[in-house]
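Chemist: My questions will all concern the structure given below.
The values are calculated or read from the model by the stated rules, or taken from the named source; none is laboratory data. Since this is a predicted model, take the numbers as computed values, not measurements. Note that we place each Cβ from the backbone using ideal geometry, even for glycine, and neighbour counts take in every protein chain shown. To get the accessible areas, we keep the full protein, side chains included, count just its heavy atoms, and leave off ligands, DNA and RNA. Shrake-Rupley method; radii C 1.70, N 1.55, O 1.52, S 1.80 Å.
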Amino acid sequence: MRVNIKLDERASGESKIGFPIVVVIRDDYKQRIIRTGYHSYVKHWNKNLSAPKSNHPKFYEINDYFLKIKLRISQLMANRLEQKISIANFKDELFKDNYPVFYDAAMNTLPENYTGTKWSALKSFNSFYPSLKFHEITRQIVADFIVKLFEKGNGPGGIDSYIRSLRAFWYKLSDQPNPFAKHKIAIPKKLKRVSTVEDMQKLAAAELEDKGQIASFSKLRDYWLLMFYFGGIDPEVLAKLRYDKNIVNGRLVFNRDKGGSKMPCNNVIGPAASEILQKYDCRPFLVPIHKTKNPDSFIRNFRRGLIKISERLEFGTVMHPKSARYSFIDRAQQLLVDERVTAQIVGHKRKTTTSLYTNDFPLEVQDESHLKIISF
C-alpha cells in the first residue's frame, strides 16, 4: 500500500480557492482519492515536498494539520504489517477525527458517481457556505440556509429532505451537537394533481407555437407527453436520455436514479412517443433539453410554460412537470392495472412481502399494461 499527499490538479476540481489537496491511497491496483478540505493554487504548492510553500495564506494551519495526518499514516502503516486492512478501513482510520471541513468529510462518505439527494444537499449547502469547518457551522447558519433555499424557490418538501440528509451526515461524522437538528420545515398537505384524459387529448391536439427555443410552448407540450408516454419519468431523466445508450432493441432502457435507488426500467416506446421523437434532430440525445445551460432555470420555465398552456387550453387542473408521473400512475389505477406491474414500469422499489418471492412480470405483460395506460 502507498499513501501520498498531493495537489489534485484535475480541471474538474478547480475552484476559486485553488485545487483540492488530497490524500491518495493505492493498494492492489485499487485507488482512493480523499479530499482533505484544504486547497492551494499551483504557485503556492511545492510538488517535490508535497507540501504548501511558505507563501500559502494558510501555511501554518495546513502544516499543522498534515503533521497529524503524516504521523497517523506512519502509525497505520506500521500496524498494517501485523494486520492487513482494506483501503476503505485505512481511510476511515486515517481520517477519524481529522476532517477539518464538513463538505469534504461528508462527500468522502458517498459512493463514487453518486448524485442523489444527499449529494445535492451537500452541493447546495456548500454553494452558500463554502468549505466551512465543523466548528464554524451553527444553528443560525442552518436557519439562514433554509431561508436562502426558500428565496431561491425550493419547495418545503425538498428543503426538508436536504436538512434531513445534512443532519444524518453530521450524526455520522461528529459527536458534537448537531446544528442541523430540530429545524422544522412546515410541509403543507396538498393533493397530487393529475391530468384528465380530456386535458391530455386537448394537449396532444393543440396548435402551439414553436419559435425554435428549447422552452417554446410546442416543445414543452412534447416534453410533457413524452414523460407521460415513457412511464411518468421526470424531466431530469428525459434530458439525459440518448439513442446510443438508452434505446436498446427499440425499447427505452434506463435507471430512474431517484434518491440513488438505481431502479432499472425497460419500457416499450409507443407509436405516439415515436411520432414526437421524429420531430427532433438532436442525436445522440432524444430531445434538445440537454442544450440548456441552466437546468434549474429550465425547470422553472417548464413549470411557468405549462401553467400558461393550461390556462390557454382551459384545463380542469393546471399541469406541471411532476404531474406527468402522477397522471400515469393515476390512470394505471383507474384502469385497474396491477400495482406491481405499474411499479415495474415507473421504477418504484417494490417493498411488499410478495415481491421478495416473485420475479419481474414478463415484458409482454408489462407492455400490454403500458400501452393501455398511454392510449387515450
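Chemist: If I ask for residues that are within 25 Å of residue 346 (Cβ to Cβ) and either aromatic (Phe, Trp, Tyr) or at pLDDT 90 or above (or both), which ones from segment 280-298 would you list?
Modeler: Passing the criteria: 280, 284, 285, 286, 287, 288, 289, 298.
Results for (1) at pLDDT 95 or above; (2) within 24 Å of the chain's Cα centre (by Cα); (3) aliphatic (A, V, I, L, M), shown as yes or no for each residue.
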{"residue": "157", "(1), (2), (3)": "no, yes, no"}
{"residue": "175", "(1), (2), (3)": "no, no, no"}
{"residue": "182", "(1), (2), (3)": "no, no, no"}
{"residue": "187", "(1), (2), (3)": "no, yes, yes"}
{"residue": "215", "(1), (2), (3)": "no, yes, yes"}
{"residue": "226", "(1), (2), (3)": "yes, yes, yes"}
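Quick grid of which residues meet (1) more than 24 Å from residue 110 (Cβ to Cβ); (2) part of a loop (DSSP other than H, G, I, E, B):
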site: 163; (1), (2): no, no
site: 166; (1), (2): no, no
site: 169; (1), (2): no, no
site: 172; (1), (2): no, no
site: 178; (1), (2): no, yes
site: 183; (1), (2): no, yes
site: 187; (1), (2): yes, yes
site: 193; (1), (2): yes, yes
site: 201; (1), (2): yes, no
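Chemist: Only one of 66, 102 is surrounded by 14 or more Cβ atoms within 10 Å (Cβ to Cβ) and either under 23 Å from residue 171 (Cα atoms) or of a type in the set (Ser, Thr, Tyr) (or both). Can you tell me which? Reasoning before the result, please.
Modeler: Numbers: 66 fails: either under 23 Å from residue 171 (Cα atoms) or of a type in the set (Ser, Thr, Tyr) (or both).
After applying the criteria, what remains is 102.
Chemist: OK, next. Confirm whether residue 23 is in contact (Cβ under 8 Å) with a residue 12 or more places away in the chain and buried (at least 19 other Cβ atoms within 10 Å of the Cβ). Walk me through it before giving the result.
Modeler: Working: in contact (Cβ under 8 Å) with a residue 12 or more places away in the chain: yes; buried (at least 19 other Cβ atoms within 10 Å of the Cβ): yes.
Yes: the conditions hold for residue 23.
Chemist: Quick check on my filter: what residues within segment 280-298 are part of a loop (DSSP other than H, G, I, E, B) and open to solvent by 70 Å² or more (accessible area, probe 1.4 Å)? Explain how you work it out, then say what you get.
Modeler: Quick first cut of segment 280-298, residues part of a loop (DSSP other than H, G, I, E, B) only: 280-284, 286-287, 292-294.
Matches in segment 280-298: 281, 283, 293, 294.
Chemist: Hey, another quick one. With respect to residue 72, is the statement that it is under 14 Å from residue 3 (Cβ atoms), modelled with pLDDT under 75 and surrounded by fewer than 19 Cβ atoms within 10 Å (Cβ to Cβ) true? Before the answer, list the steps.
Modeler: Values: under 14 Å from residue 3 (Cβ atoms): yes; modelled with pLDDT under 75: no; surrounded by fewer than 19 Cβ atoms within 10 Å (Cβ to Cβ): yes.
In short, no.
Chemist: Kindly evaluate residue 93 against the criterion of being of a type outside the set (A, V, I, L, M) and over 22 Å from the mean Cα position of the chain (by Cα). Outline the logic, then answer.
Modeler: Working: of a type outside the set (A, V, I, L, M): yes; over 22 Å from the mean Cα position of the chain (by Cα): yes.
Here the answer is yes, as residue 93 does meet what is asked.
Chemist: Take the conditions more than 25 Å from the chain's Cα centre (by Cα), at pLDDT 90 or above, more than 18 Å from residue 91 (Cβ to Cβ) and surrounded by fewer than 18 Cβ atoms within 10 Å (Cβ to Cβ) and apply them to residue 40. Does it pass? Spell out the reasoning first.
Modeler: Working: more than 25 Å from the chain's Cα centre (by Cα): yes; at pLDDT 90 or above: yes; more than 18 Å from residue 91 (Cβ to Cβ): yes; surrounded by fewer than 18 Cβ atoms within 10 Å (Cβ to Cβ): no.
Against the criterion (more than 25 Å from the chain's Cα centre (by Cα), at pLDDT 90 or above, more than 18 Å from residue 91 (Cβ to Cβ) and surrounded by fewer than 18 Cβ atoms within 10 Å (Cβ to Cβ)), residue 40 does not qualify.
Chemist: Also: Does residue 83 satisfy the criteria of being closer than 30 Å to residue 296 by Cα and either exposed (fewer than 14 other Cβ atoms within 10 Å of the Cβ) or more than 24 Å from the chain's Cα centre (by Cα) (or both)?
Modeler: Working: closer than 30 Å to residue 296 by Cα: no; either exposed (fewer than 14 other Cβ atoms within 10 Å of the Cβ) or more than 24 Å from the chain's Cα centre (by Cα) (or both): yes.
Against the criterion (closer than 30 Å to residue 296 by Cα and either exposed (fewer than 14 other Cβ atoms within 10 Å of the Cβ) or more than 24 Å from the chain's Cα centre (by Cα) (or both)), residue 83 does not qualify.
Chemist: Continuing with this model, one more query. Condition check: within 21 Å of residue 365 (Cβ to Cβ) and in contact with a strand residue (DSSP E or B) (Cβ under 7 Å, 6 or more places away or on another chain). Does residue 337 satisfy that? Let's see the steps before the verdict.
Modeler: Values: within 21 Å of residue 365 (Cβ to Cβ): yes; in contact with a strand residue (DSSP E or B) (Cβ under 7 Å, 6 or more places away or on another chain): no.
In short, no.
Chemist: Being in a helix (DSSP H, G or I) and either open to solvent by 60 Å² or more (accessible area, probe 1.4 Å) or among the β-branched types (Val, Ile, Thr) (or both), is that true of even one residue in segment 1-8?
Modeler: Among the residues of segment 1-8, not one is in a helix (DSSP H, G or I) and either open to solvent by 60 Å² or more (accessible area, probe 1.4 Å) or among the β-branched types (Val, Ile, Thr) (or both), which makes the answer no.
Chemist: Among the numbered criteria (1) touching a Ser or Thr at 6+ places or on another chain (Cβ under 8 Å); (2) more than 24 Å from residue 326 (Cβ to Cβ); (3) not aliphatic (A, V, I, L, M), which single criterion is violated by residue 161?
Modeler: All conditions are met except number (2).
Chemist: Here's something else I'd like to know. Looking at segment 38-152, what helices (runs of 4 or more DSSP H) fall wholly within it and have at least 2 residues that are of a type outside the set (A, V, I, L, M) and touching a Cys at 6+ places or on another chain (Cβ under 8 Å)? I'd like the intermediate steps shown before the answer.
Modeler: Details: elements: 59-80, 87-95, 102-107, 117-128, 139-152.
It comes to none.
Chemist: Can you tell me which residues in segment 134-188 are buried (at least 18 other Cβ atoms within 10 Å of the Cβ) and basic (Lys, Arg)?
Modeler: 167, the sole residue that qualifies.
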